[in-house]
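Here is the structure we will look at.
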Amino acid sequence: MSLTYFQRYRMELRLDRVPLDMIVVPKGFAMLPWCPSLINHHAAVKFASFNREIDTHVFPCLGEKDGCKHLMREIVNRGNFVAEATWLAVRQNEFNEELQACGTVQGLLSSQREGAIQNLGVHPECRNMGIGKTLLLHSLRGFREAGCMFANLEVTVQNTAAIRLYERYGFQKVETLFKVSEVQYA
């Protein structure tokens with residue numbers, strides 16, 4: 001094991017600068033608002049989204065199914081959990097009644113006027129289809145409905161696709177952080 005420092009950006013956005021009235025959901029998908037019965041679907045797609053990504057080195061719980069379940073329970077049981085900013089993206093399938101979760105995002109309040117996006121993840125098979133954008137916009141609209149004026153998030157610097165998405169919608173880098181983690185190299 002070796003200690004490694006991972007560089008992360010803290011990014012912020014003023015919610016009044018983002019048009020959130022007409023959010024288009026990609027064809028063949030649906031967005032489900034937070035409901036406690038969906039917690040295992042959120043955890044499963046969180047694991048599928050992150051388990052082979054760099055963030056598992058930064059946050060090892062994301063690389064384990066049980067870790068993702070524990071993290072979801074921890075997030076939704078916090079006093080600052082924002083249900084309106086927590087969404088599950090699913091494939092619509094007329095032949096199969098079972099939910100096919102393909103994306104997740106959770107929201108927390110970081111202050112009375114600011115929401116914090118947590119763990120926006122899209123299943124690898126559903127990337128580049130507009131799911132990440134749709135999750136982001138639904139979450140931002142949820143923060144605005146909860147009375148927030150700002151939103152923030154943290155992202156690992158190597159996750160350039162996510163950074164491009166966030167910048168496209170107006171997020172600006174406001175701080176560079178370093179997260180120390182133990183990493184096992186082969």
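Every number here is computed from the coordinates shown, using simple stated rules; none is lab data. Here the structure is a predicted model, which means the values were calculated and not measured. Positions of Cβ are generated from backbone atoms using ideal geometry, with glycine treated the same way; all protein chains shown enter the neighbour counts.
Quick one: go through segment 56-73 and flag any residue whose amide nitrogen is under 20 Å from the point 7 Å out along the Cα-to-Cβ line of S2.
Output list for this probe position: 56-60.
I want to check the label-to-label distance for A30 and A161. Put each point 7 Å from Cα in the C-beta direction and report it in nm to one decimal.
Each label point lies 7 Å from its Cα, and together they span 2.6 nm.
Rg(Cα) of segment 2-183 divided by 2.2 N^0.38 Å? Mind showing how you got there, number by number?
On the way: Rg = 15.6 Å, N = 182, 2.2 N^0.38 = 15.9 Å.
Its radius of gyration relative to the 2.2 N^0.38 Å reference: 0.98.
Can you list the GluC sites (Glu not before Pro) in segment 28-134 that are in a DSSP coil and have 11 or fewer other beta carbons within 10 angstrom? List each step's numbers first, then the result.
Working: sites: E53, E64, E74, E84, E94, E97, E98, E114, E125; in loops: E53, E64, E94, E97, E98.
Qualifying residues, ordered by number: E94, E97, E98.
Taking the Cα centre as origin and putting +1 on Lys and Arg beta-carbons and -1 on Asp and Glu beta-carbons, what dipole magnitude results for the chain, to the nearest 20 debye? Before the final figure, lay out the partial values.
Working: 21 positive and 19 negative charges, 74 e Å.
Dipole of the chain, to the nearest 20 debye: 360 debye.
Below 8 Å, C-alpha to C-alpha, sequence gap of six or more: please give me the relative contact order for the chain in percent. Intermediate results must be reported in sequence, preceding the final value.
Values: 365 pairs, mean separation 71.6, N = 186.
Relative CO of the chain lands at 39 percent.
Provide the percentage of antiparallel DSSP beta bridges, counting only those with both residues in segment 95-156; round to the nearest 5. Can you show the working numbers first?
Numbers: 7 of 10 bridges.
Close to 70 percent.
For a quick check: sort H70, H138, H57 by the number of other beta carbons within 10 angstrom, fewest at the front.
Details: H70 13, H138 24, H57 18.
If I rank by nearby Cβ atoms, fewest first, I get H70, H57, H138.
So which cysteines of the chain have no other cysteine's Cβ under 4.7 Å from theirs?
So far as the 4.7 Å Cβ criterion goes, C35, C61, C68, C148 stand without a partner in the chain.
Express in whole angstrom the spacing between the alpha-carbon centres of segment 28-69 and segment 71-127.
For segment 28-69 versus segment 71-127, the Cα centre distance is 8 Å.
Using only the Cα atoms of segment 127-186, build the gyration tensor, take square roots of its eigenvalues as a ≥ b ≥ c, and label the shape rounded, prolate or oblate: rounded if a/c is under 1.5, else prolate if a/b is larger than b/c, else oblate.
Prolate.
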